[in-house]
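Before any comments, here is the structure.
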Amino acid sequence: MLTTSPTRTLPQLPELIDGLPNISGWEKEILSVVQDSEPVFLPKTNIRLSEVQAGFAIALHMHQPTIPAGYKGELISNLQYMFEHPQEGDNHNAAPFANCYSRMADLIPELVANGGNPRVMLDYSGNLLWGLRQMGRGDILENLKRITIDPNYQPYVEWLGTMWSHAVVPSTPIPDIKLHIQAWQHHFAAIFGWSALSRVKGFSPPEMHLPNHPDTFFEFVKALKECGYRWLLVQEHTVETLTGQSLAYKHLPHRLIARNSQGQEISITALIKTQGSDTKLVAQMQPYYEAKTLSRQMLGSVSVPPIVSQIGDGENGGVMMNEFPGAFLRASHEIAQNNGGKSGIVAMTGTEYLELIEAAGCNPNDYPTCQPIGQHQIWQRVAPESCSRDAVANAIKELKETNHNFHMDGASWTNHISWVKGYENVLSPMNQLSALFHEKVDPLLELEAESITKQSRYREALLHNFLLQTSCFRYWGQGVWTDYAREIYQRGEAILQNQW
C-alpha cells in the first residue's frame, strides 16, 4: 500500500493486467488524487518571479502507435516493428528514437549536478509507455522514474497528460474523450505512482488538435476539469479572441472559454504554443532566444514576465535526434551563468509559471479571453437567449454554405492536413466500434461500474476502441496504415460481439 497523504491510503497499481496496460478499474481512486488543489511547484521552485524578465517553457512530445504487426499479428509497438525491420523506410532510426525517449533522464541530472536550473515538460502517449514495456525496454521507464519520482528532480520536470492512444480530439467520439484522459492517468499512476500523478496538471492534446464544434469542445474542457487538469497547451492559430481576431497577447496565459449549444459555459487556462510545428524551434532552443527579446507585461493589475511556450516531437527528425541535446545543454549553461538561472531569462514549466504569477496576485478570471477558431461566426448568428442545438446546427449549416473555408473539423499544428477528409474508411468503422462499445457496456456500467471496469473483457474492448482512434492511421495516408485500422476494428468488433 502507498500512502499519499496522512488521511489517504491507496493501493499500488499493477502496470499490466492479463498482458494489457492498466487503463481502467480505479476511477474513484484516480479522481481522489487528481482533484488535489494543493500547489505543485510553488513549495519547491527556486525562481524569483519579481526578478524575472521573461520565461520560456518547452515540451517534448513522444509517441509510437500500437499496430497489429507482431508475430501472428499480435499488437506491438511500431518502435518494435522498426527494430525488427530496419531495412524499411526510416526504421534504421529505431535505436536513436529509443535513446531520445530516455535521454532527458540523463541530461537533467547532469545539468543539476553542474549548478544548472533546467526545465522540461514531457508528453508521452499511453501507446508508447505500454510499447516500451512490451518490447522489454523497461530500462527506459526505469530511467524516467529517476526524474519523475526522486524529489531532487521534481522541480525541473513536469509531465503533461494526454489522450491515452494519441486520438485527435475533434474526431474522437464524445463519450470516449474522458475515457482516454482517465486511461492515461491510470497507466501513468501504475508506472510512476500516485504522488507523481497528483502533480500532472497540464494537458497536451495530440497533434495540438483543438475541437471547434461548440458541443465537442465543451465536453472536452468539462472532461479535463473533471479529471483535475488546470491548464491546456494550445496552438496560437487554433484559437481566436471572442470577437474573432488573432491573439494580441500570445505570451500571456488566456482564459479559454467553452460554450455549448445549450448556452452552458465553462473555461480553462490556456498557455499559447507559438509559431509553427517545426521541431527546429525546440531542437535549437528558439523559445529561449525569443524570450530574451521580451519584457514584463501587465496582467490585470500585476506585472508579470511573459512566457514563450513551445512543443515539438522529442525524437522525430535529424534536428531533434542530433541537435537538441547540445542546444539544450548550451542554453541551460548560459542561463545558469545569470544568477543560477533564477532571475532574468529563465526556464520554467507551465504549472510552475501559473502558480508563481497567481501567488503574485494574478487571477485567472483576469486573463485575456479566447475561444476555438471559427466560433465567433457561430455566436454572431446565435444569441445567448436563443441558444439551442437546432440554432447552432443551422448556423453551422449556413456558414458552410456561404463560406467554403468554414468547417467544424477543429484545427491543429498544421493547416494542410485534414484528419477527416478522405478517411471515411477509418472514421466510419471508428464511430461504429465506439457506438457498439457503448451499446454493450454502458447499460452494465450504470448498474455496477466499479466491478465492470476492472474486468479484463472491459479493458480489452476499451483498448481496441482506443487503438482504432490513434491519429497515425490517418496521418500516414491510405495503404498499410488503414489496413491496420481495419484489422483493429475487426478484432474489437469480435470482442464486443462474442464477450458481451
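As a length-normalised measure over Cα pairs under 8 Å and 6 or more apart, the relative contact order of the chain settles at 22 percent. Database remark: amide H of Thr369 closer than 5 angstrom to the amide H of Arg255 (H placed geometrically; neighbours at sequence offset of 5 or more, or on other chains; Pro and chain starts carry no H).
For the range 429-491, which trypsin sites (Lys or Arg not before Pro) are both in a DSSP coil and crowded by at most 15 other Cβ atoms within 10 Å? Those that pass, being in a loop and sparsely packed, are Lys454.
Full extension of the chain between Ser50 and Glu334 gives 100.2 nm of extra length, using 0.36 nm per residue less the Cα-Cα distance. So, counting K/R as plus one and D/E as minus one, what does the shell of residues with Cβ under 11 Å around Ile272 add up to? Neighbour charge sum, excluding Ile272 itself: +1. Dividing the radius of gyration of the alpha carbons in the chain by their Kirkwood radius gives 0.95 for Rg/Rh. If the chain linking Gln497 and Lys72 were pulled fully straight, counting 0.36 nm for each residue of separation and taking away their Cα-Cα distance, it would gain 150.8 nm. Cross-link reach is defined here as a Cα-Cα straight distance under 13 Å, omitting same-chain residues fewer than 8 places apart; for Lys440 the aspartates and glutamates meeting it are Glu493. For Glu84 and Glu487, the FRET efficiency from 1/(1 + (r/R0)^6), where r spans their Cβ atoms and R0 equals 22 Å, is about 0.75.
Extension gain, Ser303 to Asn403: 0.36 nm times the residue separation minus the Cα-Cα distance gives 31.8 nm. Counting only Cα atoms, the size of the range 334-378 along its three principal axes is 51, 24, 14 Å, in decreasing order. Equivalent ellipsoid of the range 424-499: semi-axes from √(5λ) of the C-alpha gyration tensor, largest first, are 25, 11, 10 Å. The lysines within cross-link reach of Lys397, meaning a Cα-to-Cα straight distance under 24 Å and a gap of 8 or more places when in the same chain, are Lys421. Distance between the modelled labels on Asp150 and Tyr289, one decimal in nanometres: 3.2 nm (7 Å Cα→Cβ projection). The Cα atoms of the range 267-367 define a convex hull whose projected area, averaged across directions, is 7.1 nm². Pairs from the list Lys44/Lys178; Lys225/Lys292; Lys72/Lys178; Lys44/Lys222; Lys28/Lys178 with a Cα-Cα gap above 23 Å: Lys44/Lys178; Lys225/Lys292; Lys72/Lys178; Lys44/Lys222.
Applied to the range 204-221, the Karplus parametrisation 6.51 cos²θ - 1.76 cosθ + 1.60 on θ = phi - 60° returns per-residue 3J(HN,Hα) values of 10, x, x, 6, 6, 8, 9, x, 10, 5, x, 6, 5, 5, 4, 5, 5, 5 Hz, with x for Gly and Pro.
Computed over the range 1-87, the range of Cα coordinates on each principal axis works out to 58, 40, 16 Å, biggest value leading. Restriction of the GluC sites (Glu not before Pro) in the range 31-90 to DSSP coil positions whose beta-carbon has at most 16 other beta-carbons within 10 angstrom yields Glu74, Glu88.
Shown here: the range 183-302, whose C-alpha atoms stretch 41, 39, 32 Å along the first, second and third principal axes, sorted largest to smallest. Placing dummy labels 7 Å off each Cα toward the beta-carbon, the span from His438 to Ser37 is 3.1 nm.
Any read-out appearing in this document is the output of simple, stated calculations on the displayed coordinates, not a laboratory observation. Just so it is clear, the model here is predicted, and its values are computed rather than measured. Reconstructed Cβ throughout: ideal geometry from the backbone, glycine too, with neighbour counts over all protein chains shown.
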